[in-house]
Each structure stands twice: as structure tokens, then as C-alpha cells.
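Heads up: the structure comes next, in C-alpha cells.
No value in this document is a laboratory result; all are computed from the given coordinates. In this text, all values refer to a predicted model and were calculated from it rather than measured experimentally. Counting neighbours? That spans all protein chains shown, and the Cβs are built from the backbone with ideal geometry, glycine included.
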Amino acid sequence: MSTPASAGANLLIKGVRIEDGPAGVDIRITDGKFAEIGAGLTPREGEKVRDYTGKLVLPPYIESHVHLDTALTSGQPRYNESGTLFEGIEVWSERKQTLTYEDVKERAGRALRQQAQFGIQYVRSHVDVTDPDLTALRALIDLREELKDSMTLQLVAFPQEGIESFPNGRDLMRRAAEMGVDAIGAIPHFEFTREYSVSSLNFAVELAQEYNLLMDVHCDEIDDEASRGLETLATRALEAGIGPRVTASHTTAMHSYNNAYFLRLVRLLKMSGINFVSNPLVNTHLQGRVDTYPKRRGVTRVKELTEAGINVSFGQDDIEDPWNPMGTGNLRDVVLNGLYVTQMMARPEITGSYNFITHNAARTLNLSDYGIEVGNTANFIVLDAEDWFHALSFGAPVLANFRAGRVLAECEPLARRVHF
Ligand code: 17E
Ligand code: FE2
């Protein structure tokens, strides 16, 4: 009798280090769940064994911020010449005119498989809903269902061209909520006026509460130090008591805030309990574009937020689209760039940095059943390195990406030879 695809495997993993724990640990997986973790476990009958002696095991990577509807469209119909966020939005608006259901599904499916190769299993994708036909959303809702045994996809109703500033913007957001998104978005810095910025956030918070959805707002993604969407979002989240279910993405204006304002703000941010996603790779590319010299880096204050005990994760944002000509989905590039640009280069900051794309991101996504613990579903990755420091520094490949004990994606170790 053949086993159904969703049935979990029985497997013994030998000789690994789990996160920053000791080396030489074995992991027993029974019916697709972590059953036993310890040294010197012996194989049972019917159990497959994989010897990964000396390798690193982590929980799967989580992509906490990407735009799958725009992925793999770079150059269509033209390239973003200026490298600004705003030209990217114009280019995408042109590409949107030719969007089809099949087109979105094919590109997003390709991007997701690329992500799986790099050790990702959970993806939060923003989906542009400023489209009267909601084409991308229909495609991604179907893809979320079709791939659910392999990848966990969260969808955010993202009003790229505004809620108050786009024709029928509120209605489109409401239709998206009805269709079954996981989270409500907003884009306060792109609305025509401050009044619209505030009212769009009020509307988004009310909609999220009405449909009991998470929130993830593109918030203050601009080098304007006067962009103040974040304080409104955090205040509404605090007052509604939904902070841990709310995320502020990008918040690049925080880079330019004066320190006195930031000091006042950080108290509110802590009280609210909201999460942050920084996209350091893409925002170092998009921000500072109207500066001469010095050019601002435009990355939010990850170090200070982290030190204040606020949850921050890292995202890729874009895979070959109008906002990033490059980008593979490989989060290692994002973490490496993020550490350098935020100057989080002290030893514990480097060795703990996998949290930006694992546990911190799990908190942002409000995931349960995540992590290498007895009783959880056996989702994990194996890296060709002895520990995270070396995995990050050398860009170690993900040898295998396991979901419920089954291999989703794998590759051979790199064979390097030096001839001197
Ligand atoms: N749209 C937006 O408003 N900001 C971004 N960084 C991307 C799309 C990628
Ligand atoms: Fe984004």
C-alpha cells in the first residue's frame, strides 16, 4: 500500500549540532514528528538513517517579507532605471496591466521552489490588491492551498497604490479579507495626505479586527524623517490589544528620525508589543536615492530595537522584480548584509543572527508548532557547516530541507579542491 503524501516519515538523523547546542546529537523522527533528541540513539526497525555527522541543524528558515506576485518580472516591461521605490511602483503598475492568473501562479511557484532550495518552509507574501480584478490574489490563494503540504504561505492584502488614494481602495481591501487573506496591510507613507495616512491605518486596524486577521503594514518606507505612520500603527495596536499580531515592515524613516523622537517612540513600541521586519538588502538599494553625499543607508534601527527587547526579523522583499534586479530567495545574503549595515558585528550578534530568519520570524508570523522540540512536526534543515558562524560566513549550502521528516529539497555538498 502506498503511503499518502502527507503521512510523516520514520527517520533517525545522526551526529548533528542543533542551533547553538552541543555537537554529536541524534534526532529520532516518528510519524513525521520529533520523537526523541539526544546522543547515541540506536536505529529501530523500519527507521531510515541519515548520517549528518558534524553538520548543523536549524529549524527551517522563514521568509517573513517577500512579494511573490511581482517576483521574476525584472525588466518587464522595462527596468527600474533610477533604483527608487517610486519608479518601482510605476514599473509594476505597467506590468500589472498584463497580469494573468497563470502568469502569477507560474512565477510565484518558481520563486517558492527556489526558496525551498535555500531552506525556507514558511513564507509571508504581500500581494498587491490595488487591482480591480484581484488577479494576483486569486492565483496566490490557490497556490497557498495547492502547496500547503510543502510550504506554509501567509498572504497579506497589500494596497500598493494606497487605500484612500486608489479608486475603491477600501472596497478592494474588504474583498481581499472576504476572499481569505491571512493579514491586512497598508502603505501610509504613499497616501496623498497625512489625513489619508492616518485614516488608512484606522481602517486597516478595524478591518483586521473585524475579520480576526493579522496585520503587516508597509510602514514609513521613505527617507522622510517626518513620515510618522509608525506611531499611529503602534498606538492603534496598543489600544486594540493586538500588538503581537501586528507587524511594521520596512520602517526606513526610523533611520532618519532624530534621536529625541526615537527615544520617545521606543517606549510606545515596547508597550505595543508589535513586531518589525527589516529588509536590509533591498532597502540599502532603494533608500538614500535622493541624497548626494553622505547617502543614508535607510535601514531601520535593528540594533536599538533588538536591544530594547522588540522583536525584529529579516526579509528578502524581492526576487528579481522592479525593486530588486537581483535576489534569489537565499536569506543568507540578507542576514549577512543586515549584520554589516546595522553594525551588529559583535560575536554574540553574529552567532545569534540565525534568529532573524527563524525564531524571531516565527513570532512575527504568529506560528505555532515551530522549532526542534519533541512533539513538534519534524520540520528542519541541515547545513553543510559545523555551526552558524561558519554557515553564515562561508555561505554553506542547505544540504536538505525536511518537512514532517520528508525531503522537500536537497543538494550535494560542494567539493572544493586547492592545488598548491
Ligand atoms: N512595494 C513597496 O511599496 N515597497 C517595496 N519595498 C516593494 C514593493 C518591494
Ligand atoms: Fe515590501
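Based only on other Cβ atoms within 10 Å, what is the fewest-to-most ordering of R44, R228, R297?
Sorted ascending by nearby Cβ count, the order is R44, R297, R228.
Go through the stretch 344-420 and name the trypsin sites (Lys or Arg not before Pro) that are in a DSSP coil and have 14 or fewer other Cβ atoms within 10 Å of their Cβ.
When the trypsin sites (Lys or Arg not before Pro) of the stretch 344-420 are filtered for loop state and at most 14 Cβ neighbours within 10 Å, R416, R417 remain.
If I histogram all Cα-Cα distances within the stretch 66-181 using bins 5 Å wide from 0, what percent of pairs lands in each bin?
2, 12, 22, 23, 19, 14, 6, 1, 0
What are the ³J(HN,Hα) values, in whole Hz, obtained from phi via the Karplus relation 6.51 cos²θ - 1.76 cosθ + 1.60 with θ = phi - 60°, for each residue of the stretch 345-358 in sequence order, with x given for Gly and Pro?
10, 5, 3, x, 5, 5, 5, x, 6, 5, 4, 4, 10, 10
For the stretch 240-254, take each phi angle, set θ = phi - 60°, evaluate the Karplus expression 6.51 cos²θ - 1.76 cosθ + 1.60, and give the result in whole Hz per residue in order, putting x for glycine and proline.
Running phi through 6.51 cos²θ - 1.76 cosθ + 1.60 with θ = phi - 60° gives 7, x, 10, x, x, 9, 10, 10, 9, 9, 6, 6, 6, 4, 4 Hz.
Averaged over every viewing direction, what's the projected area of the C-alpha convex hull for the stretch 112-266? Give it in nm², one decimal, please.
Result: 9.8 nm².
Do any GluC sites (Glu not before Pro) in the stretch 79-142 lie in a DSSP loop with no more than 10 other beta carbon atoms within 10 Å, and if so, which?
E81
What ranking of I187, I372, I381 emerges when the number of other C-beta atoms within 10 Å of each C-beta is taken as an exposure proxy, fewest first?
I372, I381, I187
Where in the stretch 91-130 does the amide nitrogen come within less than 12 Å of the point 7 Å from the Cα of E145, taken along Cα to Cβ?
Counting backbone N atoms under 12 Å from the label point, the list is empty.
Pop out the Kirkwood hydrodynamic radius of the chain from its pairwise C-alpha distances, inverse of mean 1/r, in Å to one decimal.
Every distinct Cα pair counted, the radius reaches 22.0 Å.
I'd like the per residue volume of the convex hull spanned by the Cα atoms of the stretch 353-420, given in cubic angstrom.
Dividing the Cα hull volume of the stretch 353-420 by its residue count gives 102 Å³.
Amide H neighbours of E191 under 5 Å, at least 5 residues apart or on other chains, H built in the peptide plane: list them.
none
Whose amide H sits under 5 Å from the amide H of F276, counting only residues 5 or more places off or on another chain, with H placed in the peptide plane?
A248, N311, V312, S313
Can you list the lysines whose alpha carbon sits under 24 Å from that of K33, skipping same-chain ones fewer than 8 residues off?
Partners found: K14, K48, K55, K148.
So what's Rg/Rh here for the stretch 10-69, counting alpha carbon atoms and using the Kirkwood radius for Rh?
1.11
Expected output is a single nm value to one decimal: the length gained when fully extending between M271 and Q97, i.e. 0.36 nm times separation in residues minus the C-alpha distance. What is it?
In short, 58.4 nm is gained.
Please give the per residue volume of the convex hull enclosing the alpha carbon atoms of the stretch 272-404, rounded to a whole number of Å³.
146 Å³
Diagonalise the Cα gyration tensor of the stretch 325-387 and give the resulting equivalent ellipsoid semi-axes, square root of 5 times each eigenvalue, largest first, whole Å.
Those come to 23, 15, 13 Å.
Would you mind telling me the antiparallel percentage of the DSSP bridges in the chain, rounded to 5?
40 percent
Multiply the residue separation of D31 and H419 by 0.36 nm, subtract the distance between their alpha-carbon atoms, and state the gained length in nm to one decimal.
Going from the current span to full extension adds 135.0 nm.
Return H65, H359 ranked ascending by Cβ neighbour count within 10 Å, so the fewest neighbours appear first.
So the residues, fewest neighbours to most, are H359, H65.
Which ³J(HN,Hα) values, rounded to whole Hz and listed in residue order, are derived for the stretch 118-127 from phi using the Karplus coefficients 6.51, -1.76 and 1.60 in 6.51 cos²θ - 1.76 cosθ + 1.60 with θ = phi - 60°, glycine and proline given as x?
Residue by residue, the stretch 118-127 yields 9, x, 8, 10, 10, 9, 9, 10, 7, 10 Hz.
Given the alpha-carbon gyration tensor of the stretch 232-297, what are the semi-axes of its equivalent ellipsoid in whole angstrom, ordered largest first, with each equal to the square root of 5 times an eigenvalue?
Values for the stretch 232-297, descending: 26, 14, 8 Å.
Picking from S272, A234, N259, whose Cα lies most toward the positive end of the charge dipole for the stretch 212-284 (charges on Cβ: Lys, Arg +1; Asp, Glu -1)?
Comparing the listed Cα positions along the dipole, S272 ranks first.
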